[in-house]
Every structure is written in structure tokens, then in C-alpha cells.
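Before any comments, here is the structure.
The values are calculated or read from the model by the stated rules, or taken from the named source; none is laboratory data. The model shown is predicted, which means the values in this text are computed figures rather than measured ones. When we count neighbours, we look across all protein chains shown, and the Cβ atoms used for this are built from the backbone with ideal geometry, even at glycine.
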Amino acid sequence: MIRSVISGFGHAFPKRIVTNKELEETIDTNDAWIIQRTGIKQRYVAGEGETTASLGEEAGRKALDRAGITSDDLDFIIVATTTPDNTFPATAVDIQNRLGMTHGAAFDVQAVCSGFIFALTTADTYIKSGMAKNILVIGAETMSRLMDWEDRTTCVLFGDGSGAVVLSAHQGDGTTADRGILTTHLRSDGSHKEKLYVDGGPSSTQTVGHLRMQGRDVFKHAVGMITDVIEDAFEATSMTAEDVDWFIPHQANKRIIDASAKKLNIPPEKVVINVDQTGNTSAGSIPIALSQAAESGRLEKGQMILLEAMGGGFTWGSVFLRW
Ligand code: ACO
């Protein structure tokens, strides 16, 4: 059986850091409120010349370098983003061009904060089917450009950044002892649209719009949805929380992460958290956290890594893999 193994990783941030203290100068908020409700202390905000495509390119190049391959070796580039540089062409095609790649195909996946889980699952399906040997999967966002900076209930929560992985085909035995992605689970339910959405778009208002959220309602649904798709991953692999070496959740809010880990009986020392430094970077959040954890040497070959996300739509999903 062919398995998709993560053979390279990388991440990129804009230069500018905006602290909670800095936000106190422009909106009616305070550092203590933001930290207590979300765990966020700072976020990165893109400046002139920094875009979703430029951040995605930087993370993608690092992932290719670490995998020891070039864009010549790629079959596909898949970019998860909800903040493309242009409505079209896809950001993935822009990045394909920046990487000097004229063969293969590139396309975007839109599942908001769950985008990286959806993109990774799509890439895994291509690799397992034998259609591709190497795929660059990127989560990249400039959420700062979707914010209403006068709305304190949303603008304090999000940030910009990008993470990327190279997925490569490896021969496995078809058992859970294999390295690579062992199981993926995707869900969505459009009836929750009004709880988290952008109030604009080409076909509705001919504007980009701003992110709108009923934070308390999102919170209420998040933990249940996250734990459901993780239970699915455990069932599919006959594993339990005890088998998880590292839990790398979508970094939306530390309280959601803590509550999910607690419900699943995953101890805090196994949870990778960077939301304090980054805020919610939507589709960027999981690959950034994964890349930082790998770069720091925490992830060891053979360990079980559990990824999950939940976001606008609602969309949610999990990926369970052996490093
Ligand atoms: N600074 C100071 N006060 C604020 C701020 C702020 N930035 N924002 C809201 N408040 C005020 C409110 O106006 C309200 O005041 P009031 O009581 O006088 O009316 C008070 O704080 C409490 O507001 P709530 O919305 O009830 O606060 P809550 O404890 O629910 O926290 C939060 C809000 C942090 C948004 C929380 O609901 C949450 O984390 N929800 C999940 C949302 C999320 O993470 N979304 C990310 C996208 S989806 C995903 O990725 C999973």
C-alpha cells in the first residue's frame, strides 16, 4: 500500500508583530482580556509587499529544501487559503509560477480554518491512488486583510502566516505501523453559515467583505465537532489517546484547545501550542505549528501525530499520521 509521508516542512511569517498592547491604542480592548479569553499575546500582520502568495512561496521553498527536492519533482501544488491574492487565478498557480514550475497542476482548496486538513486529505488521496509522487501542500493566509479593525470581537483573534509540507509516496505494509498518513476524516455543515462568515464576495456584494462571527456560538460547537472527528480517527486505527505522541490542533483559541485535549484525555505536555505567538492564522495554523514542532526537534520518527481543525462553514476534520 502506498502511504503519504511528510518529507519536508517549513513556515513563514510577515516581519511585523502586533502585540495586544498595541491594539489597546486603537480599539477598546486590553491585554488581560485577550489573554484570558484566548491565550493570544501577539500576532503577525502582513505589510507592503507581503501577501498570501509571498508567504506561501517562502514556506513552500523551505519545505522543498528540507525534503531535498525541487519544484521539478512535484506533481501538484495544493494551497489552502481563504485570503487569496486575487479572486482568480488560484494562489497555488501564482506560487507554482514563483517556483518556476510549468508542469503538473496547482489549485486552491477553500475550507477556511480547516483548509489545511482538507488540502492534506486531497493530496493523500492523489498519492495513495498512484496519481502523484510528491505534492507540496501549503496553508497560507493574510487574515489581517479580512478584518474589520474597528470590531474588537474579531480583529484581536486573527493573524497572518504560512506553513507547508511536502507529501511523498512511500511503500507501506497497509498496517498502522506504517509511516505516513493512516486516516483522514472530513466533515462540513452549511447550516452554520451565519455563525462565521465574510459579509462580501464577488457574486454577492462585489467587495471582499469583512469576517463576522458569533464567537460564543462558534465556541459552543467547536469542542464537540473537533472531538467527534478525532474519535473517528481513533476508531479507524484502533488506537486511543494514549497512542498519540503529539496533538497539533488548529490554533484558534487556547481555551478550545485545552477543552478538546481534556475531553480526549490528551495530557497538556503532548499538545503543541503557538496561538499565544501567532493568533489564529486559519489554514496556516496547523502547518506552522507542525513545522515549528518539527524544527525544534520535538517530533521523532515513528511517533503518532494527531491534527485537527474546525472553521467557517462549518467545516471540520482530522488527520492521524505516523511521523
Ligand atoms: N476586548 C475587550 N472586551 C471584549 C472584546 C475585546 N477584544 N471582545 C468582546 N468583548 C466584550 C464583549 O463586548 C462582552 O461585553 P458585554 O458583556 O459588556 O456585552 C464581553 O467582552 C464578553 O463577550 P463574549 O463574546 O461573551 O466573550 P467570550 O467569553 O465568549 O469570548 C471569544 C469571546 C474569545 C470570541 C470566544 O467566544 C471564542 O473564543 N469563540 C471562539 C471563536 C473562535 O475561536 N473563532 C475562530 C474561528 S473558528 C475556529 O477557528 C475554530
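The set of residues from the range 193-214 being on the phi < 0 side of the Ramachandran plot and either modelled with pLDDT under 95 or of a type in the set (S, T, N, Q) (or both) comprises S203, S204, T205, T207, Q214. Against the list (1) farther than 20 Å from I17 by Cβ; (2) within 16 Å of the ligand (Cβ to nearest atom), the condition K301 fails is (2).
Quick grid of which residues meet (1) aromatic (F, W, Y); (2) farther than 29 Å from F76 by Cα; (3) in contact with an Asp or Glu (Cβ under 9 Å, 6 or more places away or on another chain):
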{"site": "W149", "(1), (2), (3)": "yes, yes, no"}
{"site": "T153", "(1), (2), (3)": "no, yes, no"}
{"site": "D160", "(1), (2), (3)": "no, no, yes"}
{"site": "T175", "(1), (2), (3)": "no, no, no"}
{"site": "D178", "(1), (2), (3)": "no, no, no"}
{"site": "I181", "(1), (2), (3)": "no, no, yes"}
{"site": "L186", "(1), (2), (3)": "no, no, no"}
{"site": "S203", "(1), (2), (3)": "no, no, no"}
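Filtering the range 36-69 to residues that are without any contact (Cβ under 8 Å) to a residue 60 or more places away in the chain and either in contact with a helix residue (DSSP H, G or I) (Cβ under 6 Å, 6 or more places away or on another chain) or within 16 Å of the ligand (Cβ to nearest atom) (or both) leaves Q36, E57. Scanning the range 299-321 for residues that are out of contact with any Pro (no Cβ under 8 Å at 6 or more places or on another chain) and acidic (D, E) returns a single hit, E300. The sole residue among G224, G284 that is farther than 22 Å from E141 by Cβ and either more than 10 Å from the ligand (Cβ to nearest atom) or free of Cβ contacts under 8 Å to residues at least 40 places away in the same chain (or both) is G224. When the range 144-179 is filtered for residues that are buried (at least 23 other Cβ atoms within 10 Å of the Cβ) and touching a His at 6+ places or on another chain (Cβ under 6 Å), only G163 remains.
Consider the range 136-182 and keep the residues that are assigned to a loop (DSSP other than H, G, I, E, B) and within 15 Å of the ligand (Cβ to nearest atom). The one that is farthest from V112 (Cα to Cα) is E150. Counting only strands (runs of 3 or more DSSP E) that sit completely within the range 1-116, those holding 1 or more residues that are among the charged types (D, E, K, R) correspond to 2-12, 16-19, 42-45, 105-109. Answer yes if at least one residue in the range 287-303 is touching an Asp or Glu at 6+ places or on another chain (Cβ under 6 Å), assigned to a loop (DSSP other than H, G, I, E, B) and surrounded by fewer than 20 Cβ atoms within 10 Å (Cβ to Cβ), and no otherwise. Yes, the range 287-303 contains at least one residue that is touching an Asp or Glu at 6+ places or on another chain (Cβ under 6 Å), assigned to a loop (DSSP other than H, G, I, E, B) and surrounded by fewer than 20 Cβ atoms within 10 Å (Cβ to Cβ).
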